[in-house]
1. Would you be able to tell me the number of residues in the stretch 113-137 that are closer than 19 Å to residue 4 by Cβ and in a loop (DSSP other than H, G, I, E, B)?
2. Within the stretch 94-112, does at least one residue satisfy the condition of being under 12 Å from residue 10 (Cβ atoms), buried (at least 16 other Cβ atoms within 10 Å of the Cβ), more than 11 Å from the chain's Cα centre (by Cα) and touching a residue at least 40 places away in the same chain (Cβ under 8 Å)?
3. Output yes when any residue across the stretch 61-69 is farther than 20 Å from residue 9 by Cα and either surrounded by fewer than 18 Cβ atoms within 10 Å (Cβ to Cβ) or touching a strand residue (DSSP E or B) at 6+ places or on another chain (Cβ under 8 Å) (or both), and no when none is.
4. Could you run through the stretch 113-126 and say how many residues are surrounded by 10 or more Cβ atoms within 10 Å (Cβ to Cβ) and closer than 16 Å to residue 40 by Cβ?
5. Of everything in the stretch 88-112, what is within 17 Å of residue 73 (Cα to Cα), touching a strand residue (DSSP E or B) at 6+ places or on another chain (Cβ under 7 Å) and in a loop (DSSP other than H, G, I, E, B)? Give them in sequence order.
6. Kindly indicate the residue of the stretch 17-35 that is in contact with a helix residue (DSSP H, G or I) (Cβ under 7 Å, 6 or more places away or on another chain) and over 14 Å from residue 97 (Cα atoms) and also surrounded by the most Cβ atoms within 10 Å (Cβ to Cβ) among those meeting that condition.
7. Might you let me know whether the stretch 57-68 holds any residue that is closer than 19 Å to residue 137 by Cα, modelled with pLDDT of 90 or more and part of a helix (DSSP H, G or I)?
8. Would you point out which residue out of 82, 76, 72 is part of a loop (DSSP other than H, G, I, E, B) and modelled with pLDDT of 90 or more?
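The values are calculated or read from the model by the stated rules, or taken from the named source; none is laboratory data. All of these numbers come straight from a predicted model, not from anything done at the bench. Cβ coordinates were reconstructed from backbone atoms using ideal geometry, including for glycine residues, and neighbour counts include every protein chain displayed.
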């Protein structure tokens, strides 16, 4: 299954991807930098910044800065990653920035219930903006 994350809400993408991976399906998520996180921009950046700096270089939590790894980190939280089936499910999920060459000709699905067009608020930022706020390049 290939999911195009452009304009979709991050948590809703993560729930679908986690369920599909637990059922044994290979999940590729493309355009991760265009996924949306709802909330005030400054509050979200501050929340993820404090979560990232809660640990140290040797003690967790280890929160990434890149947008595709942020999405994979959220998906990991929805899986039983300490069990064998959770680790195997996490290995079946691949998150990509943009569209990789091996997936260019294939058809990508979108999730209607995860669309940011259904939001009642205009307060949201993309994962790309969030990762830049955390210091990614």
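1. Matching residues across the stretch 113-137 total 1.
2. Kept after step one, since they are under 12 Å from residue 10 (Cβ atoms), are these residues of the stretch 94-112: 95, 111.
When the remaining residues are screened for being buried (at least 16 other Cβ atoms within 10 Å of the Cβ), the result is 95, 111.
Next, from what is left, pick out any that are more than 11 Å from the chain's Cα centre (by Cα): 111.
Then keep just the ones that are touching a residue at least 40 places away in the same chain (Cβ under 8 Å); that gives 111.
Within the stretch 94-112, one or more residues are under 12 Å from residue 10 (Cβ atoms), buried (at least 16 other Cβ atoms within 10 Å of the Cβ), more than 11 Å from the chain's Cα centre (by Cα) and touching a residue at least 40 places away in the same chain (Cβ under 8 Å).
3. As a first pass, look at the stretch 61-69 and keep what is farther than 20 Å from residue 9 by Cα: 61-62.
With the extra rule that they be either surrounded by fewer than 18 Cβ atoms within 10 Å (Cβ to Cβ) or touching a strand residue (DSSP E or B) at 6+ places or on another chain (Cβ under 8 Å) (or both), the set shrinks to 61-62.
The answer is yes, given that some residue of the stretch 61-69 is farther than 20 Å from residue 9 by Cα and either surrounded by fewer than 18 Cβ atoms within 10 Å (Cβ to Cβ) or touching a strand residue (DSSP E or B) at 6+ places or on another chain (Cβ under 8 Å) (or both).
4. So the answer is 6.
5. Here is the first cut: in the stretch 88-112, the ones within 17 Å of residue 73 (Cα to Cα) are 88-97.
If we keep only those that are touching a strand residue (DSSP E or B) at 6+ places or on another chain (Cβ under 7 Å) as well, we get 92-96.
Within the stretch 88-112, 92, 96 meet the criteria.
6. Applying the filter and picking the extreme gives 17.
7. Yes: the stretch 57-68 contains one or more residues that are closer than 19 Å to residue 137 by Cα, modelled with pLDDT of 90 or more and part of a helix (DSSP H, G or I).
8. Working: 76 fails: part of a loop (DSSP other than H, G, I, E, B); 72 fails: part of a loop (DSSP other than H, G, I, E, B).
The match here is 82.
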